[in-house]
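Structure first, commentary second.
Please treat every number below as a calculation from the coordinates, not as lab data. Predicted model only: the values in this text are computed from it and were never measured. Using ideal geometry, Cβ is built from the backbone for each residue, glycine included, and neighbour counts are taken over all protein chains shown.
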């Protein structure tokens, strides 16, 4: 099997700290320059392993900040209201954008990161003044969505077949490294006062509760009509139809193939339509070896 983990790295894939990353992540020397990214107490980081519900959560954070901005009457002079800005322009992923772009986005800042816990720009999260929302999702659905995104949606010269990427994932060598290590490193710091862990599945089951929890974590006590309004705008269909919340219409959209969308299905359990019984059994064995005793349960 020939994969990006061979001696030939495809399409700009590269290693940082021994972990394989796609082309849009900064190379190691430039990445080191964002490790000391200056943070402050009103910064909100949305972090996750890729394809766990990151943009959905960033959308919630953006709309919470929009409502707070509107209710506080803080829009003055030449200030561009958040409601007029694209999600991708009101937030920054420092490991992709670099330091200058992240420093220039509107305050209070929304930042994103898919980096493992020890590699998040700005230093160790539990020692940081910023707030961190970490999004988790069933790893089988993460795997399915990751393969579709990186090898179907994004323009690449070389495509990794589904079965080959499965091998990379269960052997903990896919893009962005081991899902298991990524999640466990954040889970270890779940009791830190500035870290909130949320789950994709729980957001799907009760979006209103998710928005209420996130807004309170950010320091905002929104009333029910406001929470209802945000929840209405954060449904999958509404976000996909909203050009200010959909990455297809953003500065990232040029990465995507024509007729493909960043937003695919946004459902729970799609892995059942793709994994064979043999693959499911292998995945489960790896999962239990890595996760048993951690206190985390994804129903596997």
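Could you calculate the contour length gain from residue 32 to residue 201, that is, 0.36 nm times the residue separation minus the distance between their Cα atoms, to one decimal place in nm? Please list the in-between numbers first.
Details: separation 169, 0.36 × 169 = 60.84 nm, distance 3.39 nm.
The span from residue 32 to residue 201 would gain 57.4 nm if fully extended.
Can you work out the FRET efficiency for the pair residue 232 and residue 181, with r the C-beta to C-beta distance and R0 = 45 Å, to the nearest 0.05? Kindly include the intermediate steps, with their values, before the conclusion.
Numbers: r = 37 Å, r/R0 = 0.82.
Calculated transfer efficiency: 0.75.
Can you figure out the FRET efficiency of residue 107 with residue 172, using R₀ = 45 Å and their beta-carbon distance, to the nearest 0.05?
Values: r = 38 Å, r/R0 = 0.84.
For R0 = 45 Å, the calculated efficiency reads 0.75.
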Work out how much length residue 242 to residue 23 would gain on full extension: take 0.36 nm times their residue separation and subtract the Cα-Cα distance, in nm to one decimal. 76.1 nm
Provide the packing ranking of 280-293, 159-172, 35-48, i.e. peptides ordered by the mean count of other C-beta atoms within 10 Å per residue, highest first. 35-48, 159-172, 280-293
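So for each of 55-62, 124-131 I average, over its residues, the number of other beta carbons within 10 Å; can you give me the resulting order with the highest mean first? Kindly include the intermediate steps, with their values, before the conclusion.
Numbers: 55-62: 24.4, 124-131: 17.2.
Answer by packing, highest mean first, reads 55-62, 124-131.
For residue 292 and residue 71, what does the FRET efficiency come to when R0 = 30 Å and r is the distance between their Cβ atoms, rounded to the nearest 0.05? Numbers along the way, then the final one.
Values: r = 46 Å, r/R0 = 1.53.
For R0 = 30 Å, the calculated efficiency reads 0.05.
Starting from 0.36 nm per residue, how many nanometres of slack lie between residue 281 and residue 221 once their C-alpha separation is accounted for? Intermediate values should be presented prior to the final figure.
Details: separation 60, 0.36 × 60 = 21.60 nm, distance 4.45 nm.
Once the chain is fully extended between residue 281 and residue 221, it gains 17.1 nm.
Would you mind putting 135-142, 270-277 in packing order, based on average other-beta-carbon counts within 10 Å, highest first? The partial results should precede the final answer.
Working: 135-142: 23.2, 270-277: 13.2.
In descending order of packing, they fall as 135-142, 270-277.
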